[in-house]
Amino acid sequence: MEDVDQPEDLTVRDLDQTSPVPPGHAVLDVREQDEWDAGHIAGATHIPLGELPDRLDELPEEDLLVVCRSGGRSKRASAWLNHTGFTARNLDGGMRDWTAAGLPMTADGGREPTLL
């Protein structure tokens, strides 16, 4: 049974390739620190899934586009956030599909971004 309170997931095919973060949205990356360090979406907020309940005050005020490696953790995070009163959409396929589509990533320290 589908949860009617959940906004539909997005995929990279739904995104504008020239400006992939939808207007009015901020990216929330719920991957672990080593995954984030390897490469992430520029401007994203990083809060690992397990830390999310304790760090809600760090979330941007915009609607959230939630991402992880493939979409499983971000789907759980999105569902929880929506039930908590936020508006969050899961990026199904996650960073795996993001990188496969050639969308931009960055890594701190000037390193070449990669996907773990």
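The values are calculated or read from the model by the stated rules, or taken from the named source; none is laboratory data. This one's a predicted model, so the numbers in the text were calculated from it and none came from an experiment. Here Cβ is always computed from backbone atoms with ideal geometry, including for glycine, and neighbour counts include all displayed protein chains.
With the checklist (1) of a type in the set (A, V, I, L, M, F, W, C); (2) surrounded by fewer than 20 Cβ atoms within 10 Å (Cβ to Cβ); (3) touching a helix residue (DSSP H, G or I) at 6+ places or on another chain (Cβ under 6 Å); (4) modelled with pLDDT of 95 or more in hand, flag the one item residue 116 doesn't pass.
Of the numbered conditions (1) of a type in the set (A, V, I, L, M, F, W, C); (2) surrounded by fewer than 20 Cβ atoms within 10 Å (Cβ to Cβ); (3) touching a helix residue (DSSP H, G or I) at 6+ places or on another chain (Cβ under 6 Å); (4) modelled with pLDDT of 95 or more, the odd one out for residue 116 is (4).
What are the residues in region 64-110 that are in contact (Cβ under 8 Å) with a residue 40 or more places away in the chain and of a type in the set (D, E, K, R), if any?
Those that are in contact (Cβ under 8 Å) with a residue 40 or more places away in the chain and of a type in the set (D, E, K, R): 69, 73, 75, 89, 92, 97, 108.
Answer yes if at least one residue in region 72-90 is surrounded by 15 or more Cβ atoms within 10 Å (Cβ to Cβ), closer than 19 Å to residue 35 by Cβ and touching a His at 6+ places or on another chain (Cβ under 9 Å), and no otherwise.
Looking through region 72-90, none of the residues is surrounded by 15 or more Cβ atoms within 10 Å (Cβ to Cβ), closer than 19 Å to residue 35 by Cβ and touching a His at 6+ places or on another chain (Cβ under 9 Å).
Scan region 60-92 for residues that are more than 12 Å from the chain's Cα centre (by Cα) and more than 13 Å from residue 7 (Cα to Cα) and report the count.
Number satisfying all stated conditions: 4.
Could you please let me know if residue 37 is touching a helix residue (DSSP H, G or I) at 6+ places or on another chain (Cβ under 8 Å) and among the acidic types (Asp, Glu)?
On the way: touching a helix residue (DSSP H, G or I) at 6+ places or on another chain (Cβ under 8 Å): yes; among the acidic types (Asp, Glu): yes.
Yes: the conditions hold for residue 37.
Whether any residue in region 38-54 is in a helix (DSSP H, G or I), free of Cβ contacts under 8 Å to residues at least 40 places away in the same chain and of a type in the set (A, V, I, L, M, F, W, C) is what I want to check.
Going residue by residue through region 38-54, those that are in a helix (DSSP H, G or I) are 38, 49-54.
So of that shortlist, the ones also free of Cβ contacts under 8 Å to residues at least 40 places away in the same chain come out as 49-54.
Okay, now just the ones that are also of a type in the set (A, V, I, L, M, F, W, C), so 49, 52.
Checked region 38-54: at least one residue is in a helix (DSSP H, G or I), free of Cβ contacts under 8 Å to residues at least 40 places away in the same chain and of a type in the set (A, V, I, L, M, F, W, C).
State the number of residues belonging to region 1-20 that are part of a loop (DSSP other than H, G, I, E, B), under 13 Å from residue 88 (Cα atoms) and either at pLDDT 95 or above or touching a strand residue (DSSP E or B) at 6+ places or on another chain (Cβ under 6 Å) (or both).
Total meeting the criteria: 2.
Looking at (1) modelled with pLDDT under 95; (2) surrounded by 12 or more Cβ atoms within 10 Å (Cβ to Cβ); (3) polar (S, T, N, Q), find the lone condition where residue 106 falls short.
Tallying (1) modelled with pLDDT under 95; (2) surrounded by 12 or more Cβ atoms within 10 Å (Cβ to Cβ); (3) polar (S, T, N, Q), residue 106 fails exactly one: (1).
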